[in-house]
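Below is one structure; the comments refer to it alone.
The values are calculated or read from the model by the stated rules, or taken from the named source; none is laboratory data. This structure is a prediction, so every number in the text was calculated from the model and none was measured. Heads up, the Cβs are rebuilt from the backbone with ideal geometry, glycines too, and the neighbour counts pull from every protein chain shown.
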Amino acid sequence: MPNDALQRLKEGNARYVAGEPSRVRCDPARLREMARGQKPFAAVLACSDSRVPVEFVFDQGVGDLFVVRTAGNTAGGHEVASLAFAVGVLKTPVVVVMGHTLCGAIRAAVCPDRIIDELAPIMDEIRPAADRVPGSDHPDPDQAVIDAVARSHVGDVIAMLADRSPVISDAVKAGTCRVVGALYDTCTGSVEFIEEDDQAAATARAETARR
């Protein structure tokens, strides 16, 4: 079932990129139906950026996705708890951690002179990924570097979810849920799903850093 849910997301994104969205359920009848209870087929942790309209990106309607958004798609206590609710209570079979290109939060973490004080906890979550990307210490890194940090950060967040949520970790071990990484191209609308080998490498780096 997790693989079926992931395929559904991929097919929805393909329709979005092609400019051929389906007639997703957003009508009053669907709202009344959802009042009886929700059963989203996927949970998505995404950035708060206004250019990342998650339901549109995957061509889904009301009740299809459980969406958690925060600047830089970071996973603090509230975000982890929200995703654990999706997995543990709603039995959502796939969790997608989705970063994106042109991310302002990622750029702020790489160029800390551009942030406001309230963003400090979010920047602390992102900087380990920035430290691993060559060129991120340049005073004005180019966009390719920023996007590489965004990609690296996705792997770190996946590792954080495994570390901070026994509910999610146990579901993954049981095979009832998958946690996958993705990077949304803000210019094209395309979602690249990050290979599991890349995620495993990022998880290993994060675990080493915590020791």
> Among the listed residues 65, 31, which satisfies the condition of being at pLDDT 95 or above and not aromatic (Phe, Trp, Tyr)?
Replying inline: 65
>> Just the residues that are among the hydrophobic types (A, V, I, L, M, F, W, C), assigned to a helix (DSSP H, G or I) and within 14 Å of the chain's Cα centre (by Cα), please, taken from the stretch 71-83.
In response: 71, 80, 83
> Can you tell me which residue in the stretch 84-118 is modelled with the lowest pLDDT, limited to those that are part of a helix (DSSP H, G or I) and touching a Cys at 6+ places or on another chain (Cβ under 7 Å)?
Replying inline: 105
> In this structure, is residue 157 over 21 Å from residue 51 (Cβ atoms) and among the hydrophobic types (A, V, I, L, M, F, W, C)?
Replying inline: no
>> If I ask for residues that are surrounded by fewer than 22 Cβ atoms within 10 Å (Cβ to Cβ), part of a helix (DSSP H, G or I) and free of Cβ contacts under 8 Å to residues at least 60 places away in the same chain, which ones from the stretch 132-146 would you list?
In response: 143, 144, 145
> Just wondering, is there one or more residues in the stretch 163-183 that are outside any helix (DSSP H, G or I), of a type in the set (Ser, Thr, Tyr) and either crowded, with 18+ Cβ neighbours inside 10 Å or more than 18 Å from the chain's Cα centre (by Cα) (or both)?
Replying inline: yes
> In the list 44, 24, 52, which residue meets the criterion of being among the aliphatic types (A, V, I, L, M), in contact (Cβ under 8 Å) with a residue 40 or more places away in the chain, assigned to a loop (DSSP other than H, G, I, E, B) and in contact with a strand residue (DSSP E or B) (Cβ under 6 Å, 6 or more places away or on another chain)?
Replying inline: 52
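Could you tell me whether residue 42 is buried (at least 21 other Cβ atoms within 10 Å of the Cβ) and at pLDDT 95 or above?
Answer is yes for this residue.
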>> Whether any residue in the stretch 55-70 is surrounded by 21 or more Cβ atoms within 10 Å (Cβ to Cβ), assigned to a loop (DSSP other than H, G, I, E, B), of a type in the set (S, T, N, Q) and within 15 Å of the chain's Cα centre (by Cα) is what I want to check.
In response: no
>> Quick check on the stretch 1-28: of everything there that is within 24 Å of the chain's Cα centre (by Cα) and modelled with pLDDT under 85, which residue is nearest to residue 185 (Cα to Cα)?
In response: 24
> Can we say residue 157 is hydrophobic (A, V, I, L, M, F, W, C), touching a residue at least 24 places away in the same chain (Cβ under 8 Å), under 27 Å from residue 173 (Cβ atoms) and in a strand (DSSP E or B)?
Replying inline: no
>> Condition first: more than 20 Å from residue 78 (Cα to Cα), touching a Leu at 6+ places or on another chain (Cβ under 9 Å) and among the aliphatic types (A, V, I, L, M). Now tell me which residues in the stretch 116-160 satisfy that.
In response: 146, 150
>> Just to be sure before I move on: is residue 119 surrounded by fewer than 20 Cβ atoms within 10 Å (Cβ to Cβ), among the aliphatic types (A, V, I, L, M) and touching a residue at least 24 places away in the same chain (Cβ under 8 Å) in the structure I sent?
In response: yes
